[in-house]
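The block underneath contains the structure these notes are about, expressed in structure tokens.
No value in this document is a laboratory result; all are computed from the given coordinates. Worth saying up front: this structure is predicted, and the values here are computed from it rather than measured. Don't worry about glycine lacking a Cβ; one is built from the backbone with ideal geometry, like all the others, and counts go over all protein chains shown.
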Ligand SMILES: C[S@@+](CC[C@H](N)C(=O)[O-])C[C@H]1O[C@@H](n2cnc3c(N)ncnc32)[C@H](O)[C@@H]1O
């Protein structure tokens, strides 16, 4: 069975390493903040945002209980203001949209009006070869509309700058799903030296074909 949470971590870990800078744009109870903090380690940095003071309290407790490295800054502000707080490129960012699980202010969920500017701003500060992951909960109305809005927005991005994709269970329409946005690396996508190796292989192949044709022509000449 597809495990969407394991898949999310797999994608993030393909881009994020020890010493990098990351951001959790919807801190909630701090599960994603902890994952990012442990991944980037003592030499890295993690910024985490939430509108609710209760989320900061819960996250701080969780990070301390789990012995997370002291590499995090917890910010009580809406994520669409992220550029006021982050002044460096980030290698990975995570949005886990929706309501705070088990929160006391049930009315606070992420909303389209701030989600879209926040995702746009996060893509602006994403480093080359960085990744932004946005998990969507279509089981409630605002979540479904946020997902539709993000799909429409993703389709407008230049694929040479940002590769946008969506991972979704097709036979469970109200189950959570996620988008990933991967920024192009600074260097060309092909590995350095690959073009030269391909050219050498093509030259070897051409020489083999020439040799075979020459041998065939000689054989045919001998038979006549
Ligand atoms: C689904 S929860 C996140 C769960 C979290 N990642 C975790 O590991 O527990 C979504 C969180 O987004 C927060 N939120 C809603 N609107 C926000 C906004 N504009 N800026 C930042 N956080 C927001 C909510 O308060 C809630 O805690």
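Could I have the simple spin-label model distance between residue 214 and residue 10, label points 7 Å from Cα toward Cβ, reported in nm to one decimal?
5.0 nm
How would you rank 145, 123, 97, going from fewest to most other Cβ atoms within 10 Å of each one's own Cβ? Don't skip to the end; give the middle numbers.
Details: 145 15, 123 18, 97 25.
The most exposed by this proxy come first: 145, 123, 97.
Given the peptides 174-181, 60-67, arrange them by the average over their residues of other C-beta atoms within 10 Å, most packed first. All intermediate terms of the calculation are to be shown ahead of the outcome.
On the way: 174-181: 18.9, 60-67: 13.6.
Those peptides, ordered most packed to least, come out 174-181, 60-67.
Hey, got the Cα dimensions of the range 4-183 along the principal axes, in Å, largest first?
That works out to 40, 38, 31 Å along the principal axes.
Beta carbons within 10 angstrom, averaged per residue: use that to sort the peptides 86-95, 24-33, highest first. Walk me through the intermediate numbers first.
Working: 86-95: 20.5, 24-33: 25.4.
The most tightly packed comes first, giving 24-33, 86-95.
Does the range 60-114 come out rounded, prolate or oblate by the C-alpha gyration tensor, with a ≥ b ≥ c the root eigenvalues, rounded set by a/c under 1.5 and, if not, prolate when a/b is larger than b/c and oblate if not? Mind dumping the intermediate values first?
Numbers: a/c = 2.14, a/b = 1.09, b/c = 1.96.
It is oblate, given that a/c is not under 1.5 and a/b is not larger than b/c.
Fewest to most neighbouring Cβ within 10 Å: what's the order for 163, 76? Show your work: numbers first, answer last.
Numbers: 163 16, 76 12.
Final ranking by Cβ density, sparse to dense: 76, 163.
If neighbour count is taken as other Cβ atoms inside 10 Å, put 172, 78 in order from fewest to most.
172, 78
Tell me, in nm to one decimal, what length is gained between residue 160 and residue 112 on full extension, where the rule is 0.36 nm per residue of separation less the Cα-Cα distance?
Numbers: separation 48, 0.36 × 48 = 17.28 nm, distance 2.60 nm.
Stretched fully, the residue 160-residue 112 segment lengthens by 14.7 nm.
Quick one: the Cα spread of the range 4-63 along its three principal axes, in angstroms, biggest first?
Principal axes ranked by extent give 32, 29, 16 Å for the Cα atoms.
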